[in-house]
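So the structure is just underneath, and the comments pick up after that.
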């Protein structure tokens, strides 16, 4: 190998970045002990830019395409190096490739609830979740402010900071918005766009852009959601008494599943108590004075007294008592020849058994049958 060949092998003539990680935002071209020769080829693929850094100063930025490194293509670096009339010898400079593509599916969410005031519900704590898409908008600023002398940079190194910014701006947007909480679900897209607009000035000094902010869910506390569910159930039922019965049935079911809580009787008591409380709530809601207007009561329906019943008799048959039988049953026995005048009968109030013919009520039956 000649000296010319050896020197030629130490010179870099092709500079490019083949991305091998979906999370990589920056990659610094490795050139240990190597120099870039005059006329070297710089290949910048779609979704990339190449930033030349000379002794800590960002010089030229190259967009996607194939570039031949000459004085005309390196105007800033030429000025920094003092190449007034072009350069012929190799040179050293850091080449930092920056990915300008979008980094999607980044998660964000409120670590603690956000307190907001609603016209109907009052003060309510909300939690929100979603995703965001970010990208590098200004490679020069991004390399200067965030990358520095690092050999690489991945999305995870900046994602947490962006999440904190999103939560802060989202809280401001929700806090100043007049949208009722019960209507937030229909405004997710609008809220996300407005929060992204608020966040743009925060990302600009970092060379970043927020391509999209998606609000997936705004959740109420469990106890508030449960209360709203109860309100919905009342609206669907439309009948307070029916709702009370439903509550009692639910309590009985829950008590049956947990026998140690007092049984069905206690559950029914709970249901009745809840029915009374619910009735008071409805009355107060319909009549602010707390007194419902008296309703005209229907006239009472007369209840007849109980029909008097005659005595019931027992019959002695084969030494055993059968009965008791009323008068109609005794007539049937006489007609069937299963009761004769000499058979013993007894009813409440008699001192002892006596022949049917000797008891006035039963004797009269035989006379009618004859």
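The values are calculated or read from the model by the stated rules, or taken from the named source; none is laboratory data. What you see is a predicted model; the values in this text were computed from it and never measured. When we count neighbours, we look across all protein chains shown, and the Cβ atoms used for this are built from the backbone with ideal geometry, even at glycine.
Applying the set (1) modelled with pLDDT of 85 or more; (2) over 27 Å from residue 138 (Cβ atoms); (3) exposed (fewer than 11 other Cβ atoms within 10 Å of the Cβ) to residue 6 leaves exactly one unmet item: (1). Scanning region 68-97 for residues that are in a strand (DSSP E or B) and within 23 Å of residue 144 (Cα to Cα) gives 91, 94, 95, 96, 97.
Pick from 122, 130: which is buried (at least 17 other Cβ atoms within 10 Å of the Cβ) and either under 28 Å from residue 191 (Cβ atoms) or touching a helix residue (DSSP H, G or I) at 6+ places or on another chain (Cβ under 6 Å) (or both)? First the steps, then the outcome.
Numbers: 122 fails: buried (at least 17 other Cβ atoms within 10 Å of the Cβ).
Unique residue meeting the criteria: 130.
On the given criteria, is residue 65 in contact (Cβ under 8 Å) with a residue 12 or more places away in the chain, on the phi > 0 side of the Ramachandran plot and in contact with a strand residue (DSSP E or B) (Cβ under 8 Å, 6 or more places away or on another chain)? Considered against the rule, which asks whether it is in contact (Cβ under 8 Å) with a residue 12 or more places away in the chain, on the phi > 0 side of the Ramachandran plot and in contact with a strand residue (DSSP E or B) (Cβ under 8 Å, 6 or more places away or on another chain), residue 65 comes out as yes.
Here is a list: 27, 108. Which entry is assigned by TED's automatic domain parsing to the domain that holds residue 159, part of a strand (DSSP E or B), at pLDDT 90 or above and under 29 Å from residue 135 (Cβ atoms)? Being assigned by TED's automatic domain parsing to the domain that holds residue 159, part of a strand (DSSP E or B), at pLDDT 90 or above and under 29 Å from residue 135 (Cβ atoms) holds for just one of 27, 108, which is 108.
Would you mind stating whether residue 140 is in the same structural domain as residue 213 (by TED's automatic domain parsing), under 21 Å from residue 19 (Cα atoms) and surrounded by 13 or more Cβ atoms within 10 Å (Cβ to Cβ)? Please lay out each step first, then the result.
Details: in the same structural domain as residue 213 (by TED's automatic domain parsing): yes; under 21 Å from residue 19 (Cα atoms): yes; surrounded by 13 or more Cβ atoms within 10 Å (Cβ to Cβ): yes.
Yes.
Just one of (1) surrounded by fewer than 16 Cβ atoms within 10 Å (Cβ to Cβ); (2) under 26 Å from the mean Cα position of the chain (by Cα); (3) in contact (Cβ under 8 Å) with a residue 40 or more places away in the chain; (4) closer than 28 Å to residue 22 by Cα fails for residue 189. It is (3).
Considering region 192-218, the residues that are under 20 Å from residue 121 (Cβ atoms) and crowded, with 16+ Cβ neighbours inside 10 Å include one that is nearest to the chain's Cα centre (by Cα), namely 218. So for region 55-66 (the condition being assigned to a helix (DSSP H, G or I) and surrounded by fewer than 12 Cβ atoms within 10 Å (Cβ to Cβ)), does at least one residue qualify? Checked region 55-66: no residue is assigned to a helix (DSSP H, G or I) and surrounded by fewer than 12 Cβ atoms within 10 Å (Cβ to Cβ).
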